[in-house]
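Below is one structure, written out as structure tokens; the observations come after it.
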Amino acid sequence: KKIGTELLSLAESDIAKHKGRLITVSTSSQEKYGSTRSFYLKRGYHEGCRIKDYYRRGDDLVVYVKQISED
């Protein structure tokens, strides 16, 4: 595994161990962050919300969510 995948897996495990239900991560909608968005999508995250023009006009805040517990 690559380091990013390993770190995310460790964080998810720790959050689950402490009874966390959801994980959220956020990034920019700019094209240069496309690989970041793909990284989270490939690991079971979905786009939870988007705040238009958050950083600047044309650059949205994109929030990804992953549910790790039903509780």
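The values are calculated or read from the model by the stated rules, or taken from the named source; none is laboratory data. Every value quoted in this text rests on a predicted model; they were computed, and no experiment measured them. In this analysis, Cβ positions are derived from the backbone assuming ideal geometry, glycine residues included, and neighbour counts consider all displayed protein chains.
Brief remarks follow.
- Taken over the stretch 1-54, residues that are among the aliphatic types (A, V, I, L, M) and either in contact (Cβ under 8 Å) with a residue 60 or more places away in the chain or not in a strand (DSSP E or B) (or both) amount to 8.
- Selection status of Ile68, modelled with pLDDT under 95, under 20 Å from Thr5 (Cβ atoms) and touching a helix residue (DSSP H, G or I) at 6+ places or on another chain (Cβ under 7 Å): yes
- Being surrounded by 10 or more Cβ atoms within 10 Å (Cβ to Cβ), assigned to a helix (DSSP H, G or I) and of a type outside the set (Asp, Glu) is a property that does not hold for Ser69.
- Here Val63 passes the criteria (1) more than 11 Å from the chain's Cα centre (by Cα); (2) outside any helix (DSSP H, G or I); (3) aliphatic (A, V, I, L, M) except the one numbered (1).
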